[in-house]
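Taking it in order: structure first as structure tokens, then the write-up.
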Amino acid sequence: MLIEQFLREVTAIPGLTGSEQEVARYIADAFAPYADEVRIDSVQSVIARIRGDGPKVMFAAHLDEIGLMVSAIEEDGALRLGNVGGVDPRILPGMVVTVLGRQKLKGVIGAKAIHLLSPEDRQKNYKREDLYVDLGLPYDAVAENVHVGDLVQLEQRFVELKNKRFATKTADDRACVAIMYRAMQLLKGMRPTADLYFVATCQEEIGCYGAVTATYGVKPDFAVALDVCHAQTPDAPRSRTQELTSAALAMGPYLHPVVRKKMADIAERINVTVQTDLTRGSTSTDADEIAVSSGGVPTALLELPLKYMHTTVETFDLRTLEETARLLAQFAAEADASWEDELWT
């Protein structure tokens, strides 16, 4: 499958944190032709293994997505909303959403019209409590199909922009799952000796829990987490953003300098440009939990720059994604037992 098709399909599938079964099955099926074995663990992380006799190396990118949850049904059938992960309420008014009740129902997110707001309220941003989903149905019909606790998927669009740029929901972090998928394809033409594990983790958006359980399950000798970072946009601070056109290697106290240097050295040798992203504390990614699980795992963090994070138009450069996959595949192909002595000295 071409990477663009994989991205178009995987970003459309519901997989809100804690309810990732459908997207996990899709990813497992996509990984299967390129792995010796694939399984979905008990918390819905996908673990694909390419067997080798060398050290265990784990690559991890999360498959779950942010979204909403029905918190109440109003007398007119409108649905009030709670968060699943970090959803900015400013992006919600006017959005078309899918309510995952007994059947999938399309709805629109509405709010009190500006004409009906007081002058003071017009100066404020909407709060999530001010918004609701309108299904176009009366209360009785809504209550037959929707219950408090049902999930609400944000609007799905997969938009091809100019210059090999794409905008979609859930690029955080399924674009990095796509990097692993492409790297596995590239490894078919290589001869890795390490015992490789490509893990699409669950529940990252609420605490990286899938990374913990997968690390204890795999017990890797070292690891690379993949996630998105902020790309440059107008008015965004340069110190916290990266160019969209190349991957970034994070550097900070939670990350292992030797694993990072191995990745950086390989990138230089194969002419893949990488930027440096300074993380002065925790990274707020799977890398944090992998590094301190199962007795401690030397871990690097490889990042794909992304515009408009946690919106439905997260924008990335497909060429950057392809080059990052090429780097990841080369890293996986070269990893061997000699690295382990360096990691602990």
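Among what's in segment 117-139 and is within 28 Å of LYS106 (Cα to Cα) and hydroxyl-bearing (Ser, Thr, Tyr), pick the residue that is surrounded by the fewest Cβ atoms within 10 Å (Cβ to Cβ). Across segment 117-139, the extreme among qualifying residues is TYR139. Looking at THR276, THR215, just one residue is in contact with a strand residue (DSSP E or B) (Cβ under 9 Å, 6 or more places away or on another chain), surrounded by fewer than 18 Cβ atoms within 10 Å (Cβ to Cβ) and either β-branched (Val, Ile, Thr) or closer than 26 Å to LEU92 by Cβ (or both), and that residue is THR276.
Would it be correct to say that GLN185 is outside any helix (DSSP H, G or I) and not charged (D, E, K, R)? Taking the combined requirement at face value, the residue does not satisfy it.
The condition (being modelled with pLDDT of 95 or more, outside the structural domain of ALA200 (by TED's automatic domain parsing), under 26 Å from GLN5 (Cα atoms) and β-branched (Val, Ile, Thr)) is satisfied by just one residue among VAL38, VAL99: VAL99. For segment 200-218, the criterion of being touching a Lys or Arg at 6+ places or on another chain (Cβ under 7 Å) and more than 21 Å from VAL43 (Cα to Cα) is met by no residue. Pairs are defined by a Cβ separation below 6 Å, a sequence spacing of at least 6 or placement on different chains, a first member in segment 70-83 that is touching a residue at least 12 places away in the same chain (Cβ under 8 Å), and a second member that is part of a loop (DSSP other than H, G, I, E, B) and surrounded by fewer than 16 Cβ atoms within 10 Å (Cβ to Cβ); the pairs so defined are VAL70/VAL148; GLY77/PRO138.
Among the conditions (1) at pLDDT 95 or above; (2) on the phi > 0 side of the Ramachandran plot; (3) of a type outside the set (S, T, N, Q), GLY296 misses just one, which is (1). Scan segment 316-345 for residues that are charged (D, E, K, R) and either in a helix (DSSP H, G or I) or within 16 Å of CYS176 (Cα to Cα) (or both) and jot them down. Hits for segment 316-345 are ASP317, ARG319, GLU322, GLU323, ARG326, GLU334, GLU340, ASP341, GLU342.
When VAL199 is tested against the conditions (1) out of contact with any Ser or Thr (no Cβ under 7 Å at 6 or more places or on another chain); (2) in the same structural domain as THR312 (by TED's automatic domain parsing); (3) not in a helix (DSSP H, G or I), the lone failure is (1). The residues listed here are THR170, THR233, THR201; of these, the one that is in contact (Cβ under 8 Å) with a residue 12 or more places away in the chain, surrounded by fewer than 20 Cβ atoms within 10 Å (Cβ to Cβ) and within 28 Å of THR315 (Cα to Cα) is THR233.
The values are calculated or read from the model by the stated rules, or taken from the named source; none is laboratory data. Source: prediction; values computed, not measured. Counting neighbours? That spans all protein chains shown, and the Cβs are built from the backbone with ideal geometry, glycine included.
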